[in-house]
Amino acid sequence: MVSRPPGGALEDVLEGVVAFENLTVLGIETSCDETAAAVVRGGRDMVSSVVATQVERHAPYGGVVPEIASRAHVELVTEVIARSLVEAGVELSAIDAIAACHGPGLAGALLVGVSAAKALALVTGRPYVGVNHHEGHMYAALLDDPTLEPPFVTLVASGGHTLLVAMRGHGRYETLGQTVDDAAGEAFDKVARFLGLGYPGGPAIDALAARGDAEAVAFPRPMLDDGYDFSFSGLKTAVVTYCRRHPDLAVADVAASFQAAVVDVLVTKLIRAARAAELDTIVIGGGVAANSGLRARVAADGAAAGLRVVVPSMGLCTDNAAMIAACACYRLAADGPTPLDSGVRPGLRI
Amino acid sequence: MLLLAIDTSTRRVGVAFGSQVGVLASLELGGAAVDGPPRHAEQLAPAIEHLLQIADLSLRQLTAIAVAIGPGMFTGLRVGVTTAKVMAQALRIPVIPIPSLDLVAYPLRHTTGRVLLPALDARRNELYYARYRAVPGGLQRASEYELATPSDLLGEIEAAGESVVVAGDGALRFREVFEAHELCEVAGPSFAAPSLPALVELGASRFEREDFAAPGDVVPMYLRRSDAEIAHDRRPA
Ligand SMILES: [Zn+2]
């Protein structure tokens, strides 16, 4: 089944009538440290997806350096766009609209993708669509599972954000909870740095945790029974305190126990939120959704709770442009183009 | 030949179309007269679109895109350079990258007997600058592209002992500092930003000499590394 968005008036914004199923969008994502471009058709069909990671450029600094990210985007953006078209096997003239993530994210980084998309919009005469990065993450699952339709409850967890959202329909969101301090991915990075595991911290902890005992240390589960908001800075402090008191600890056990605490909080709240919202489908997204512990636990607990669980492939969880292009198909159909005089929105919310 | 010229290296957004015989249409927005944060990301694409309309041109007619690559305001440069390289790649035409300081100096090329010293605002109490001399047929750059505080630059001017004309938004920002010195004359606000006619003229002549770049290779000239890189290198080994 191919979905049709509500109230689609594509003939108004495009030259001639384009059926939603055929709507071909080139998406660009430059909000943080990945330079990405992708082609998506009909909001569901990922025709190509190219991601140039900058991880090596930021690794010496133990985290993303905004100025380095912004410079790298300018360097990489043309090649990434060209590759996305080549891999899709389409000419630029076959693109119906050009989308870019316009926020939230690093201001200097966002304006590279937005400027690139507007430049292509001017050359092709096609509409420009600015896309919310969080909204993009929610649409990643729709690319992975062609039968998935809202409503569902989605957890978007990354280095920048931890969000629990009920997606009631296309473009209809109800934010149920978010982090009150550190994002989940930020906690992974900080604990990894403390344990001397380097950057990025998520994959490092994930790999180490696989060899450790998740029950070795009973780290706190912050705000576990308290609403749908998250707090991870206390957990990070608990890890640091524990390690100082137990200098002979097995690092793998600490990594496994820390990861288990984060995953426990994320999955417990996600499932509780689905029950409270009376929705039977749960979805995860964002860089932290690439964590193997979280993926396994959400699948197991979700199934045990009788819920349908959608866990997108790893490449669709971490930042990519296919999710931006997919979301743009629905946004364009429902709301029309974004004006060319709109800028970047670093603090954009859902 | 039809060139699109883009300059976003100061607070001003400048766009022009032209050829070897001069400017066909141009548009300038923002600059020192406008308060608040610069709006390159908002204004550049509409400026190009508007100019295309009133000049009755199409991007498909372009032969090349000339872009001022800095040094200058980082966010502005990223908007201008990204727009130029992505457009050029899509149109399959070359980019002509031109240093912004060359474009501040160029309109002063008939000032003989004095050193020409374009200085663009680098913030943090610093200036981007370079030294030029008028020579028959144009300008000759007599230094690297540099970054320094106004007082260091004044020290350099004093040591050289030659009269200079200081121009650009950096010169205007520190007008009193320069004007207080007998060797310096400060050029007025019409020389604050890189010259669009100069970008068209220099761009056209470089295009004719086939002195241009593949779009993917064009990056801004920053002259300053990120704070994180500087701090990282200062760490004890
Ligand atoms: Zn993200």
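The values are calculated or read from the model by the stated rules, or taken from the named source; none is laboratory data. Quick caveat: nothing in here was measured; it's all calculated off a predicted structure. No Cβ is skipped: glycine too gets one built from the backbone with ideal geometry, and neighbour counts run over all protein chains shown. Protein only, heavy atoms only, side chains kept; ligands, DNA and RNA dropped before computing areas. Shrake-Rupley method; radii C 1.70, N 1.55, O 1.52, S 1.80 Å.
Below 8 Å between Cα atoms, with a sequence gap of 6+, how large is the relative contact order for the range B:163-237 in percent?
Relative contact order of the range B:163-237: 24 percent.
Write down the percent of antiparallel bridges among all DSSP beta bridges whose residues are both part of the protein assembly as shown, to the nearest 5.
So the antiparallel bridges in the protein assembly as shown amount to around 60 percent.
Considering the dipole of the protein assembly as shown built from charges on the beta carbon (Lys and Arg +1, Asp and Glu -1) around the Cα centre, which of A:Thr24, A:Gly285, B:Pro37 is farthest to its positive end?
A:Gly285
Relative contact order for chain B: what is it in percent, counting Cα pairs under 8 Å that are at least 6 residues apart?
With pairs under 8 Å counted, the relative contact order is 23 percent.
Loop-only check: which GluC sites (Glu not before Pro) in the range A:157-257 are DSSP coil with at most 10 other Cβ within 10 angstrom?
Here the GluC sites (Glu not before Pro) that fit, given the DSSP loop and packing criteria, are A:Glu215.
Can you tell me the 0 to 90 degree angle between the C-alpha axis of helix A:133-144 and the longest principal axis of chain A, rounded to 10?
Roughly 80 degrees, rounded to the nearest 10.
State to the nearest 20 debye the size of the charge dipole of the range A:210-350 about its Cα centre, where the only charges are +1 on K and R beta carbons and -1 on D and E beta carbons.
Here the range A:210-350 has a charge dipole of around 120 debye.
Compute accessible area for the range B:42-62 by itself and then with all protein chains, 1.4 Å probe, and report residues whose area falls by 10 Å² or more.
B:Glu42, B:Ala45, B:Pro46, B:Glu49, B:Leu59, B:Arg60
Please go through the range A:36-94 and write out the GluC sites (Glu not before Pro) that DSSP classes as loop and that have at most 15 other C-beta atoms within 10 Å.
A:Glu91
As I understand it, the value is the acute angle between the Cα axis of helix A:233-245 and the longest principal axis of the Cα atoms of chain A; what does it come to in degrees, rounded to 10?
Between helix and principal axis, roughly 40 degrees.
Can you give the accessible area of B:Ser58 in Å² (nearest 10), computed on protein heavy atoms with a 1.4 Å probe?
Surface accessible to solvent at B:Ser58 totals approximately 50 Å².
Over chain A, what is the relative contact order in whole percent, taking alpha-carbon pairs under 8 Å and six or more residues apart?
25
Set Lys and Arg Cβ to +1 and Asp and Glu Cβ to -1, take the dipole of the protein assembly as shown about its Cα centre, and tell me which of A:Leu340, A:Leu110, B:Gly113 lies farthest positive.
A:Leu110
Probe radius 1.4 Å, ligands and nucleic acids left out: can you give me the accessible area buried at the B-A interface, summed over both chains, in Å² to the nearest hundred?
Interface area, both chains combined: 2600 Å², rounded to the nearest 100.
Can you send over the carbon and sulfur percentage of the accessible area for the protein assembly as shown, probe radius 1.4 Å, protein chains only?
Carbon with sulfur: 50 percent of the solvent-accessible area.
Only protein chains counted, 1.4 angstrom probe. Which residues of the range B:179-225 are at least 40 Å² less accessible in the assembly than when their chain is isolated?
B:Tyr222
Could you state the accessible area per residue of the protein assembly as shown in Å², with a 1.4 Å probe and every protein chain left in place?
Ligands and nucleic acids excluded, the figure is 39 Å² per residue.
Looking at the square roots a ≥ b ≥ c of the eigenvalues of the Cα gyration tensor of the protein assembly as shown, which shape do they give, rounded for a/c under 1.5, prolate if a/b is larger than b/c, or oblate?
Verdict is oblate for the protein assembly as shown.
For B:Met221, what residues show an amide H to amide H distance below 5 Å, using hydrogens built from the backbone and excluding near sequence neighbours?
The list, which skips near neighbours in sequence, is B:Gly70.
Convex hull over the alpha-carbon atoms of chain A: what's its volume per residue in Å³?
Dividing the Cα hull volume of chain A by its residues yields 121 Å³.
Of the trypsin sites (Lys or Arg not before Pro) in the range B:102-137, which ones lie in a loop per DSSP and count no more than 10 other C-beta atoms within 10 Å?
Answer in residue order: B:Arg124.
Angle between the Cα long axis of helix A:292-304 and the longest principal axis of chain A, 0 to 90 degrees, nearest 10?
Once rounded, the angle reads 90 degrees.
Towards the positive end of the charge dipole of the range B:20-106, with charges on Cβ (+1 Lys, Arg; -1 Asp, Glu), say which of B:Val67, B:Leu91, B:Leu27 has the farthest Cα.
Of the listed residues, the answer is B:Leu91.
Let me spell out the model: positive unit charges on the Cβ of Lys and Arg, negative unit charges on the Cβ of Asp and Glu, origin at the Cα centre of the range B:142-210. What dipole size does that give, in debye rounded to 20?
In total the dipole reaches around 300 debye.
With every protein chain left in place and a probe of 1.4 Å, what is the accessible surface of A:Thr268, to the nearest 10 Å²?
About 40 Å², rounded to the nearest 10.
Please state the charge dipole magnitude for the protein assembly as shown, taken about the Cα centre, from unit charges on C-beta atoms (+1 on K and R, -1 on D and E), reported in debye and rounded to the nearest 20.
The calculated dipole for the protein assembly as shown is roughly 240 debye.
Across chain B, where is the longest run that never hits GluC sites (Glu not before Pro) in a DSSP loop with at most 14 other C-beta atoms within 10 Å?
B:1-143
Over the whole of A:73-81, what's the average partner chain Cβ count within 10 Å per residue? Rounded to a whole number, please.
Mean partner-chain Cβ count within 10 Å for A:73-81: 5.
Find the Rg to Rh ratio for the range A:304-350, where Rh is the Kirkwood radius over alpha-carbon pairs and Rg uses the same atoms.
1.10
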